Amino acid sequence: MTLSHAAHVPSPARPRRLPAGLAAVTPAFALVAVVFVLPVLALLLRSVLEPEPGLQNYAAFFASTTYLKVLGNTFLVAATVTVATVLLGFPVAWFLAIAPGFWSRLLFAVVILSMWTNLLARTYAWMVLLQRTGLINRTLMNLGLISEPLPLINNLVGVTIGMTYIMLPFMILPLHATIRSIDPSVFQAASLCGASRWQAFTRVMLPLTATGIAAGALMVFVMSLGYFITPALLGGTSNMMLAELIAQLVQSLLDWGLAGAAALVLLVVTLAIYAVQLRFFGFGQARS
Amino acid sequence: MTCFLDIRGITKSFGKVAAVSDVSLEIARGEFMTFLGPSGSGKSTTLYMIAGFFDPSAGDIRLEGRSILREPSNRRNIGMVFQRYTLFPHLSVAENVAFPLRVRRRPAAEIARKVEQMLALVRLEGFADRMPAQLSGGQQQRVALARALAYDPPLLLMDEPLSALDKKLREEIQVEIRRIHRETGVTILYVTHDQEEALSLSDRVALFNHGRIEQVGKGRDLYEAPRTRFVAGFVGHSNFLDCTIAAHAGERADIVLPDGSRLPELPIDRQAPVGAAARLMIRPDRLRISSPAGADAPAGIDAVLSDATFIGETFHFALTTAWGGALNVRMPSHTLPPAGHGVGQRVRLSWAPGDARLFAE
Ligand SMILES: Nc1ncnc2c1ncn2[C@@H]1O[C@H](COP(=O)(O)OP(=O)(O)OP(=O)(O)O)[C@@H](O)[C@H]1O
Ligand SMILES: [Mg+2]
């Protein structure tokens with residue numbers, strides 16, 4: 001059973017006609033067409049036309065264990081980051097929704113400010129923290145918990161840590177909106193009905209926030225799939241992600257055809273995930 | 001003998017504000033008790049302390065002889081219907097009613113049987129598969145009632161469950177609640193600020209004001225023998241006239257009205273010195289209108305009729321005393337003299353002994 005059932009109030013059938021306000025969104029549509037659809041089409045064409053017409057770029061991509069490993073890395077990191085942001089973001093979103101005014105405003109400001117801080121600055125800050133001689137390794141060694149520095153940078157661990165931090169707000173904000181839309185007396189009712197805290201969480205809180213979790217997870221997963229800067233700075237050369245691979249194919253190898261094929265694979269996967277999400281959680285129903 | 005629910009001197013302060021101060025109340029098994037009072041008088045806070053959402057700052061609450069303050073609300077086994085709609089929006093009507101049984105891990109067959117029984121009790125047999133969003137407000141509160149009774153709690157709390165509904169629906173569900181109370185024998189604590197609802201539903205009423213209980217008793221007692229001026233003003237309609245104590249003897253006092261006329265031996269709520277200000281209270285339906293001062297005129301107050309309104313079964317009269325005091329009289333239409341009473345007419349207002357009461361200021 002999904003939430004969309006609960007949210008659907010039967011509405012009378014509406015006659016089909018052009019939605020009002022179409023004119024107002026035309027410029028935006030035009031912009032999307034010029035800066036998104038056309039380049040994607042161009043890339044798609046190059047992937048099947050260069051160096052000669054055919055699907056050889058796609059064949060090459062899927063035949064190469066290196067490229068498949070990059071694809072696997074990309075999914076692994078995106079999935080780990082998504083799970084980590086759900087686990088870390090849920091308590092934060094919950095606290096934001098129930099904490100008294102001052103604390104919730106303070107935490108909200110921290111979340112928003114970190115989002116507004118320059119991405120490069122934040123990623124370099126993580127480099128400082130994660131280095132062999134960085135704050136984290138030094139602290140752990142001073143505490144005597146480790147004798148050798150942990151390899152936290154130039155690998156997928158570093159990428160995952162950095163991206164989890166950068167993606168957290170994209171999980172917290174939709175989740176917070178969902179949690180805040182729940183009437184807290186529903187939990188009082190659950191408690192008087194005999195539900196323990198855990199039962200209230202699994203039987204009431206989780207189902208009621210499922211749409212918010214799904215919206216946040218989709219956002220984080222899809223953004224992570226194509227992320228470039230953080231993997232480029234915190235990752236290693238031996239374990240690339242797909243965006244890095246595409247950049248390298250274009251910039252160093254000038255292989256536009258293969259780059260296009262890789263980009264298209266990424267786009268198709270993204271659209272497929274979006275379709276699954278729509279199927280299970282409906283459209284735009286994060287706040288029912 | 002211990003009573004079923006024993007509330008002993010509970011107090012709840014939020015910061016410096018005492019929302020509830022020193023409330024004590026004994027409730028018998030199977031009783032229907034209503035908390036009545038103006039907004040902010042501490043009714044909900046008292047109920048929430050019984051439910052376990054607030055811890056009292058002082059005092060104790062005992063259910064069947066055992067203090068329940070240590071137990072979290074999910075172990076108190078108390079049912080509650082809230083003012084706002086609190087059905088679980090992601091669960092069907094049947095699953096909402098089944099929820100308390102599922103968290104108690106009851107066998108499936110028992111749950112199915114109980115859900116059916118509860119939906120029959122609230123007369124929503126055909127609605128098992130509906131979602132809460134597809135129900136009217138009245139239907140949602142009935143489901144909430146079914147959910148609250150599904151685990152046979154010995155005590156049911158209701159915090160203004162009907163206040164969001166229109167008058168007709170409210171009266172309809174009031175009848176249902178009375179029937180359910182009769183059929184299940186559950187003890188009910190019901191909060192409302194609608195006195196008609198309180199009087200029509202309950203065995204006894206506890207009238208709250210400023211976090212304290214002003215008076216507890218049958219609705220009739222509160223109406224006939226209000227112990228304080230607040231009770232007299234809150235329950236039923238009342239006339240209040242300013243007056244001065246002229247003599248005091250035991251529980252009765254003589255008074256002087258502003259025009260100098262003296263009324264002897266009226267019951268007074270507490271001791272007050274001669275010369276102190278007081279209020280004379282008489283219910284509008286206990287005043288009788290007769291022709292003014294003659295040899296056979298009864299003792300009472302002279303006034304001028306300033307307005308007369310016919311409201312079907314009753315006539316409402318507005319009167320003004322010589323010193324400008326306002327009074328209202330209601331009388332059944334059939335008791336009026338055929339000629340009626342005309343606006344501007346001078347009349348004498350009288351009453352039976354015991355219908356007028358004094359409240360010291
Ligand atoms: N959580 C709270 N924090 C601070 N003050 C509160 C809180 N809950 C209630 N109060 C205060 O306690 C007093 C009693 O409130 P309560 O809700 O018990 O009144 P009530 O009799 O139920 O009124 P109503 O008929 O409006 O529901 C009010 O002055 C209210 O402002
Ligand atoms: Mg209240």
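The single residue among A:THR26, A:THR85, A:THR66 that is assigned to a helix (DSSP H, G or I), at pLDDT 80 or above, open to solvent by 80 Å² or more (accessible area, probe 1.4 Å) and more than 30 Å from B:GLN134 (Cβ to Cβ) turns out to be A:THR66.
Given the condition within 14 Å of ligand 2 (Cβ to nearest atom), open to solvent by less than 30 Å² (accessible area, probe 1.4 Å) and either under 14 Å from the mean Cα position of the chain (by Cα) or away from chain A (no Cβ under 14 Å) (or both), answer yes or no: does some residue in the range B:165-178 qualify? Looking through the range B:165-178, none of the residues is within 14 Å of ligand 2 (Cβ to nearest atom), open to solvent by less than 30 Å² (accessible area, probe 1.4 Å) and either under 14 Å from the mean Cα position of the chain (by Cα) or away from chain A (no Cβ under 14 Å) (or both). Screening B:THR192 with (1) touching an Asp or Glu at 6+ places or on another chain (Cβ under 7 Å); (2) closer than 28 Å to B:ALA318 by Cβ gives one miss only, at (2). Exactly one residue among B:ASP221, B:ASP259, B:ASP254 is open to solvent by 40 Å² or more (accessible area, probe 1.4 Å), of a type in the set (D, E, K, R) and at pLDDT 90 or above, and that residue is B:ASP221.
May I ask you to verify whether B:ALA198 is assigned to a strand (DSSP E or B), among the small types (Gly, Ala, Ser) and open to solvent by less than 40 Å² (accessible area, probe 1.4 Å)? Spell out the reasoning first.
Details: assigned to a strand (DSSP E or B): no; among the small types (Gly, Ala, Ser): yes; open to solvent by less than 40 Å² (accessible area, probe 1.4 Å): yes.
No: the conditions fail for B:ALA198.
Scan the range B:59-75 and give yes if some residue there is away from ligand 2 (no atom under 16 Å from the Cβ), assigned to a loop (DSSP other than H, G, I, E, B) and of a type in the set (Val, Ile, Thr), otherwise no.
As a first pass, look at the range B:59-75 and keep what is away from ligand 2 (no atom under 16 Å from the Cβ): B:59-75.
This time we only want the ones that are assigned to a loop (DSSP other than H, G, I, E, B), so: B:64-65, B:68-72.
Applying the additional criterion that residues be of a type in the set (Val, Ile, Thr) yields B:68.
Yes: one or more hits.
Of the residues making up the range B:49-75, those that are within 16 Å of ligand 1 (Cβ to nearest atom), more than 7 Å from every other protein chain (Cβ to nearest Cβ) and touching a helix residue (DSSP H, G or I) at 6+ places or on another chain (Cβ under 9 Å) are B:GLY52, B:PHE54, B:ASP55, B:PRO56, B:GLY59, B:ILE61.
B:TYR48 fulfils the conditions (1) in contact with a strand residue (DSSP E or B) (Cβ under 7 Å, 6 or more places away or on another chain); (2) part of a helix (DSSP H, G or I) except for a single criterion, (1).
The C-beta contact set for the range B:36-64 (first residue farther than 20 Å from B:GLY15 by Cα and without any contact (Cβ under 8 Å) to a residue 12 or more places away in the chain, second residue away from ligand 2 (no atom under 12 Å from the Cβ) and outside any loop (DSSP other than H, G, I, E, B), distance under 7 angstrom, 6+ apart or interchain) is empty. Could you tell me whether any residue of the range B:244-255 is of a type outside the set (Gly, Ala, Ser) and closer than 14 Å to B:LEU319 by Cβ? Among the residues of the range B:244-255, not one is of a type outside the set (Gly, Ala, Ser) and closer than 14 Å to B:LEU319 by Cβ, which makes the answer no. One residue stands out among those in the range B:34-45 that are open to solvent by 20 Å² or more (accessible area, probe 1.4 Å) and not in a helix (DSSP H, G or I): the one that is farthest from ligand 1 (Cβ to nearest atom), which is B:PRO38.
Figure legend. Inter-residue proximity from the range A:175-200: first residues within 10 Å of chain B (Cβ to nearest Cβ), second residues open to solvent by less than 40 Å² (accessible area, probe 1.4 Å) and assigned to a loop (DSSP other than H, G, I, E, B), beta-carbon distance below 6 Å, spacing 6+ or different chains. Indicated pairs: A:SER185/B:PHE82; A:SER185/B:THR86; A:VAL186/B:THR86; A:ALA189/B:THR86. For the range B:98-117, filtering for residues that are under 35 Å from the mean Cα position of the chain (by Cα), open to solvent by less than 80 Å² (accessible area, probe 1.4 Å) and farther than 18 Å from B:ILE78 by Cβ leaves 2. Out of B:ILE78, B:ILE111, one residue alone is within 14 Å of chain A (Cβ to nearest Cβ), without any contact (Cβ under 8 Å) to a residue 24 or more places away in the chain and either farther than 26 Å from A:THR209 by Cα or among the small types (Gly, Ala, Ser) (or both). It is B:ILE111. Any residue at all in the range B:27-34 that's within 16 Å of ligand 2 (Cβ to nearest atom), at positive phi and in contact (Cβ under 8 Å) with a residue 40 or more places away in the chain? No, the range B:27-34 contains no residue that is within 16 Å of ligand 2 (Cβ to nearest atom), at positive phi and in contact (Cβ under 8 Å) with a residue 40 or more places away in the chain.
Quick test for you: out of B:LEU287, B:LEU349, B:LEU280, B:LEU327, pick the one residue that is in contact with a Cys (Cβ under 6 Å, 6 or more places away or on another chain) and open to solvent by less than 40 Å² (accessible area, probe 1.4 Å).
Every option except B:LEU280 fails the conditions.
One residue stands out among those in the range A:198-208 that are open to solvent by 30 Å² or more (accessible area, probe 1.4 Å) and under 23 Å from B:PRO132 (Cα atoms): the one that is farthest from the chain's Cα centre (by Cα), which is A:ARG203. Being out of contact with any Leu (no Cβ under 7 Å at 6 or more places or on another chain), open to solvent by 20 Å² or more (accessible area, probe 1.4 Å) and facing another protein chain (nearest Cβ under 8 Å) is true of B:ALA133.
Using the structure shown, decide if B:LEU25 is surrounded by fewer than 22 Cβ atoms within 10 Å (Cβ to Cβ) and part of a strand (DSSP E or B).
Answer is yes for this residue.
Of the residues making up the range A:209-238, those that are open to solvent by 20 Å² or more (accessible area, probe 1.4 Å) and within 14 Å of chain B (Cβ to nearest Cβ) are A:ALA210, A:ILE213.
Filtering the range B:42-52 to residues that are on the phi < 0 side of the Ramachandran plot and within 12 Å of ligand 2 (Cβ to nearest atom) leaves B:LYS43, B:SER44, B:THR45, B:THR46, B:LEU47, B:TYR48.
The values are calculated or read from the model by the stated rules, or taken from the named source; none is laboratory data. This structure is a prediction, so every number in the text was calculated from the model and none was measured. Using ideal geometry, Cβ is built from the backbone for each residue, glycine included, and neighbour counts are taken over all protein chains shown. The area values use the complete protein model at the heavy-atom level, side chains included, leaving out ligands, DNA and RNA. Shrake-Rupley method; radii C 1.70, N 1.55, O 1.52, S 1.80 Å.
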